[in-house]
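Below you'll find the structure, written out as structure tokens, and then a few comments.
The values are calculated or read from the model by the stated rules, or taken from the named source; none is laboratory data. What you see is a predicted model, and the numbers here were worked out from it, not measured in a lab. Neighbour counts are summed over all protein chains in view; Cβ atoms, including those assigned to glycine, are modelled from backbone coordinates with ideal geometry. These accessible areas exclude ligands, DNA and RNA; they are computed on the full protein's heavy atoms, side chains included. Shrake-Rupley method; radii C 1.70, N 1.55, O 1.52, S 1.80 Å.
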Amino acid sequence: MNSQLIPVLALIKDTFREAFARRIFWGFAGCCTALLAFLVFIMRIDVVAGALATITIFGRAMPTTDVQGLVHQTQSVIAMALYFFGMIISVFASAGLVAAVFEPGRIELLLSKPVSRSLILLGRYLGNLLVVAANILYLTIGSWIIFGIKTGLWGGGYLLSSLFTIFVFGVLLAVIVLVGVLWESAAVAIMVTFGIMIVTPILQQRATIERLLSAEWSRNVVTVLYYVLPKTSDIGVIIRHLILNEAVDSWMPVWSTALFGIVVLAAGILHFRRRTF
Amino acid sequence: MPAYAIETENLTKVFRSRWPRRELTAVDNISIRVPVGSTYGLLGPNGAGKTTFVKMLLSAAHPTAGRAMVFDRDSREPAARAPIGYLPENHRFPTYLTGWDMLDFYGALSGMGAAERKRRIPDLLTQVGLDERAHQLRLGKYSKGMLQRVGLAQALMHAPKLLVLDEPSDGVDPVGRRQIRDVLHALEQKGVTIFLNSHLLAEVELFCREVAIIQKGKLALSGTVLELTSGSGYRLEISGATEQMETELRSRARSAGAANGMLQLLFGTREEANQALDLARANGCEVETFGRTRSTLEEVFMKTVEG
């Protein structure tokens, strides 16, 4: 095995172990399992002679003619819930895992090993991302199978949405890493990340905001912030379009968010390389 | 093969804070050379800059000026750290790992393959005195002494050529200390360079051949333990001297005293000491001790740090 790959895999495995030990992984998986059980409970669908007869959600029978639309709507609601609430839980879970690495007495030993600082940080980043990705995939694939078995509809848009959720989490994790490297504080990392998550839906309404602002410079500030910061809300809309099999107007929110993530992660790595512990 | 395991040239570290604007020189122009295969002790009072110095060797802290070389490689290169085994002082090993898992993790970070790690872990844990029950016990359940032992095993995992140990026997009972010393002696026999940072001066004196004393970030004193502790005079202890003989010997000595029925004499030169010895033997005195005066490392240390 490549000599650089062994340490990176060890760091990923260590992140998983820590997530297990801190009950982060099991807590996350428990929430996902409860959500799946809830989905099974509310999705009572009767199948007669191989065709859908009725679907009952919360005890109310739904017309089967709209079953495909209904399933897509339900999927999009779940995907949105997973996207926003899952992101909040993930940020809480990850902030501690990143900051823990910088504890005095732990970081010195890590840095004494013949591994570059960039790889140490990347290994931890990947481990964290995979912990969250495993749970998001478990919930998405689980609910996709439940929908598929109940309705016979196996559309791929819903599955694709989980990849976007993981992608946006990856970008927010880069922010957590940068804040962790700068201040070694899980609390500050959570505050900054939530700040971004709160600001971006507001910036999404920039057309309305710009109409309300009289000064040119303030409109420019809003525009710059919109393009610079990750567009979590716009990507939420893209996910919804994908699930409902609708055309996506623009992919700009995806690539500009990816660019933001790359720059922030690179800044985190650069600062980590230069820091004295 | 490089001549020195560690070589520093004017190594300096200045910590600066922006607000309030302050500067602290933790390490000030330190140049030392640690020969390959030697046992070297780094001494100094708290806050002298020892830990910062060690951190610069491991590249956990970046020098403000000067450089640190490990086996002729700049310590900032990751490859320079490959031959180093390190045990930090206030270590915080991941408590969720077992002793076995910890060695496996740090072994992997040192680039060891899975088969090699599996083969080496049980031997090492046994070598540092941890029984099989401890192998699968989480580190959170370990005592301080057990953590030191597993920490030492971690440092030895990849068979390093240079061991940097920060207070290795901190919290370890006397039996454990002896065990750790035996492990280190065995490594010394194999040619491993051992760099020891310890407050236990008696331990450093017992184990190290060379020492450096750091005071307020500067190198205050360095040399072999033998050189630093050997005094300039000679000591003669005799018993059975007559009153006349005692008076004669006292008059020849630089200083004299009596304790437990023995006459203790200190001479300034070897010649004077030998003449006194001949005289005492010729007059039927029993020689109890004869040799160069020696200071303890603690005395040398106190003299150095107290100026």
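Applying the criterion of at least 3 residues that are of a type outside the set (A, V, I, L, M, F, W, C) and within 18 Å of A:PHE85 (Cβ to Cβ) to the helices (runs of 4 or more DSSP H) found wholly in region A:163-277 leaves A:186-204, A:232-243. Can we say B:THR247 is polar (S, T, N, Q), at pLDDT 90 or above and loosely packed, with under 13 Cβ neighbours inside 10 Å? Here the answer is yes, as B:THR247 does meet what is asked.
Looking at B:PHE93, B:PHE71, B:PHE105, just one residue is under 23 Å from B:PHE207 (Cβ atoms), within 13 Å of chain A (Cβ to nearest Cβ) and of a type in the set (Phe, Trp, Tyr), and that residue is B:PHE71.
For region A:101-148, how many residues are part of a loop (DSSP other than H, G, I, E, B), facing chain B (nearest Cβ under 8 Å) and of a type outside the set (Asp, Glu)? Of the residues in that region, 8 qualify.
Consider A:ILE146 carefully, then state whether it is among the β-branched types (Val, Ile, Thr) and either over 30 Å from A:VAL179 (Cα atoms) or under 19 Å from the mean Cα position of the chain (by Cα) (or both). For A:ILE146, the condition - among the β-branched types (Val, Ile, Thr) and either over 30 Å from A:VAL179 (Cα atoms) or under 19 Å from the mean Cα position of the chain (by Cα) (or both) - is met.
Which residue, of A:LEU160, A:LEU178, A:LEU139, A:LEU153, is over 17 Å from A:ILE243 (Cα atoms) and hydrophobic (A, V, I, L, M, F, W, C)? When all the criteria are applied, what remains is A:LEU178. Quick one: would you say B:LEU226 is farther than 16 Å from B:PHE290 by Cβ, aliphatic (A, V, I, L, M) and open to solvent by 60 Å² or more (accessible area, probe 1.4 Å)? Considered against the rule, which asks whether it is farther than 16 Å from B:PHE290 by Cβ, aliphatic (A, V, I, L, M) and open to solvent by 60 Å² or more (accessible area, probe 1.4 Å), B:LEU226 comes out as yes. Does region A:10-25 hold any residues that are within 15 Å of A:LEU121 (Cβ to Cβ) and either touching a strand residue (DSSP E or B) at 6+ places or on another chain (Cβ under 8 Å) or facing another protein chain (nearest Cβ under 7 Å) (or both), and which are they? A:ALA10, A:ASP14 - these are the residues of region A:10-25 that are within 15 Å of A:LEU121 (Cβ to Cβ) and either touching a strand residue (DSSP E or B) at 6+ places or on another chain (Cβ under 8 Å) or facing another protein chain (nearest Cβ under 7 Å) (or both).
Inspect region B:278-296 for any residue being modelled with pLDDT under 90 and either out of contact with any strand residue (DSSP E or B) (no Cβ under 8 Å at 6 or more places or on another chain) or aliphatic (A, V, I, L, M) (or both) and give the result as yes or no. Yes, region B:278-296 contains at least one residue that is modelled with pLDDT under 90 and either out of contact with any strand residue (DSSP E or B) (no Cβ under 8 Å at 6 or more places or on another chain) or aliphatic (A, V, I, L, M) (or both). Here is the figure for region B:142-189: residues that are within 13 Å of another protein chain (Cβ to nearest Cβ) and among the basic types (Lys, Arg) total 1. Only residues that are more than 14 Å from chain A (Cβ to nearest Cβ) and open to solvent by 90 Å² or more (accessible area, probe 1.4 Å) were counted across region B:1-17, and they come to 1. The single residue among A:SER112, A:SER76, A:SER94, A:SER90 that is modelled with pLDDT of 90 or more and open to solvent by less than 40 Å² (accessible area, probe 1.4 Å) turns out to be A:SER112.
Residues that are among the aliphatic types (A, V, I, L, M), open to solvent by 30 Å² or more (accessible area, probe 1.4 Å) and closer than 24 Å to A:ILE88 by Cα do not occur anywhere in region A:216-224.
State yes or no: is B:GLY268 without any contact (Cβ under 8 Å) to a residue 24 or more places away in the chain and either open to solvent by less than 40 Å² (accessible area, probe 1.4 Å) or of a type in the set (Phe, Trp, Tyr) (or both)?
no
Of the residues making up region B:31-41, those that are touching a Phe, Trp or Tyr at 6+ places or on another chain (Cβ under 8 Å) and either open to solvent by 30 Å² or more (accessible area, probe 1.4 Å) or at pLDDT below 95 (or both) are B:ARG33, B:PRO35, B:VAL36. Every test in (1) among the aliphatic types (A, V, I, L, M); (2) within 14 Å of chain A (Cβ to nearest Cβ); (3) within 20 Å of B:GLN179 (Cβ to Cβ) is passed by B:ALA79 save one, and that test is (3). Quick one: which of B:PHE207, B:PHE195 is of a type in the set (Phe, Trp, Tyr), touching a Phe, Trp or Tyr at 6+ places or on another chain (Cβ under 6 Å) and buried (at least 18 other Cβ atoms within 10 Å of the Cβ)? From the options B:PHE207, B:PHE195, the qualifying one is B:PHE195.
Among the conditions (1) within 21 Å of the chain's Cα centre (by Cα); (2) farther than 30 Å from A:SER3 by Cβ, A:LEU126 misses just one, which is (2).
Elements of the type helices (runs of 4 or more DSSP H) sitting completely within region B:72-171 and holding at least 2 residues that are within 28 Å of the chain's Cα centre (by Cα): these cover B:99-109, B:114-127, B:144-156.
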